[in-house]
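Accompanying notes for the structure given below.
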Amino acid sequence: MPDKNTPSLPFESGDANEQKLWAALAGLPRTEPSTRLRQGFYDQLEHAGAEHWSGRLRKWLGLGSNSGWLTAAACVLLGFGTAQLLGEPRAPESDRLAALEQSVATLNRELVLDRLRADAPGTRLQGVYQASGFAQDDAEIVQALLQRATQDRAASVRSAAIDALGPQLGSAAVGNELMDLLEHTDSPIVQLALVDLVLRNGNRQQLALLVKLADEQRLHPDLATHVQNSIRSDAI
Amino acid sequence: MTMHAVSDEQLIEWVANGDSSCLGTLFERHHRRVYQFCLQMTRNPASAEDVVQEVFIKVLRKAGSFRNTGSFRAWLFNIARNATLDHIRKDKSQPGPLPQDDYSESLMVDHRTAEQSAAGQERMGTLQKALATLPAHFQEVIWLGRFEFDSFRDLGQALDCKAGTARVRMHRAMQQLNLAFTELNGAPFDA
């Protein structure tokens with residue numbers, strides 16, 4: 001049975017819909033794990049305990065300094081043997097699987113790009129969420145996300161796109177665009193997304209610009225206070 | 001002294017001192033909640049169970065690094081959170097399916113409050129789906145804040161950030177959940 005003693009944070013927003021959502025979240029299903037989990041854990045614990053003891057034994061026998069190359073050599077030999085035994089018959093199957101995975105990835109990418117260009121804000125929002133998984137190594141998707149972040153007419157889409165671009169804040173192209181957006185946007189929701197992002201992942205220069213904007217009252221007053229408090233507690 | 005009288009912090013100290021059997025007690029106390037968090041994030045029961053096993057083995061290996069400056073639960077969920085995010089990053093080509101539209105009453109647990117009882121099944125299904133469409137850093141803050149922690153200090157520790165940052169992130173996550181729900185439902189949540 002689920003645990004009934006569920007701790008929860010007090011809900012602080014004044015938005016009535018968000019309050020109802022917060023209350024409703026308590027009714028989400030809390031699925032129980034299967035019995036396999038407990039069995040698997042105790043098996044692993046036993047194994048980990050045995051490793052622990054074998055490690056102590058090796059140390060006691062004075063093999064500690066040799067363990068690296070001995071293990072590596074054993075792995076190479078084992079790997080070679082396994083490849084000889086299993087490698088050839090499995091190759092065609094693994095090639096087909098790799099090709100299939102590649103096709104699925106390509107289709108997924110096209111779908112994400114289509115969604116990012118859709119007319120309906122809801123579809124674009126969905127596209128942005130899905131694009132987060134591709135954004136790290138796909139320039140076209142990064143560009144499409146930047147366009148959503150800077151130009152989308154729906155603030156929710158801009159805000160979500162900013163989050164999706166978060167890991168790229170350190171790259172000059174993305175970082176400059178986002179900091180430029182922070183300087184010029186009037187939307188509190190977009191400012192909030194950018195402030196949160198810069199406080200989490202910003203470099204020294206970006207943090208300095210953020211403080212400057214807060215000091216010059218160019219951010220929403222609550223956000224300016226949050227920036228000043230965060231920077232001050234970091235400095236302490 | 002029974003095991004019930006022993007705090008998590010004391011148990012993890014004993015684990016750090018070499019008594020790995022105490023990890024079993026910690027597992028029994030916390031594995032369900034860790035699993036439910038991992039399941040929310042991965043949307044795949046088998047993956048969630050794998051991650052939970054990995055989490056508790058990490059607890060065994062990292063027990064010596066636990067510092068009594070925060071709660072064990074916050075430390076545990078920090079490990080769970082990092083392990084889950086690693087898993088999602090490695091497995092990003094195969095995300096679990098979104099929750100289905102045919103949200104079943106049988107899935108709902110019997111501890112719903114009056115507010116949730118009044119909410120329709122379909123609307124709860126939409127809420128579950130809306131939560132699942134949010135990025136991981138919003139899902140985790142909502143789930144942990146709603147079900148696991150009653151202070152922003154502990155929540156921040158679990159999320160590797162300050163209490164103030166956790167507060168802001170929660171605010172934003174709920175805004176996004178509201179937007180996502182409204183998009184999927186065609187109207188805002190109205191209990």
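Taking the condition open to solvent by less than 20 Å² (accessible area, probe 1.4 Å), of a type outside the set (Gly, Ala, Ser) and assigned to a helix (DSSP H, G or I), does residue B:146 pass?
When the stated conditions are applied, residue B:146 does not pass them.
How about the stretch B:159-189: which of its residues are in a helix (DSSP H, G or I), of a type in the set (Gly, Ala, Ser) and either more than 19 Å from the chain's Cα centre (by Cα) or over 23 Å from residue A:164 (Cβ atoms) (or both)?
Hits for the stretch B:159-189 are B:163, B:164, B:180.
Can you tell which of A:199, A:223, A:213, A:219 is assigned to a helix (DSSP H, G or I) and more than 10 Å from chain B (Cβ to nearest Cβ)?
The match here is A:213.
Output yes when any residue across the stretch B:62-81 is under 22 Å from residue A:37 (Cβ atoms) and within 8 Å of another protein chain (Cβ to nearest Cβ), and no when none is.
Checked the stretch B:62-81: no residue is under 22 Å from residue A:37 (Cβ atoms) and within 8 Å of another protein chain (Cβ to nearest Cβ).
Assess whether residue B:141 counts as being at the interface with chain A (Cβ under 7 Å from one of its Cβ atoms), free of Cβ contacts under 8 Å to residues at least 60 places away in the same chain and either more than 26 Å from residue A:191 (Cα to Cα) or part of a helix (DSSP H, G or I) (or both).
no
Report yes if residue B:132 is touching a helix residue (DSSP H, G or I) at 6+ places or on another chain (Cβ under 8 Å) and either over 20 Å from residue A:17 (Cβ atoms) or within 7 Å of chain A (Cβ to nearest Cβ) (or both), otherwise no.
The answer is no for residue B:132.
Name the single residue that is nearest to residue A:134 (Cα to Cα) among those in the stretch A:148-200 being under 15 Å from the mean Cα position of the chain (by Cα) and open to solvent by 60 Å² or more (accessible area, probe 1.4 Å).
A:167
Filter the stretch B:32-46 down to the residues that are more than 24 Å from residue A:129 (Cα to Cα) and open to solvent by 10 Å² or more (accessible area, probe 1.4 Å) and list them by number.
B:32, B:33
The values are calculated or read from the model by the stated rules, or taken from the named source; none is laboratory data. Since we're looking at a predicted model, the values are computed, not measured. Glycine also receives a Cβ, built like all others from the backbone with ideal geometry; neighbour counts cover every protein chain displayed. In case anyone asks, the SASA skips ligands and DNA or RNA and just uses the protein heavy atoms, side chains included. Shrake-Rupley method; radii C 1.70, N 1.55, O 1.52, S 1.80 Å.
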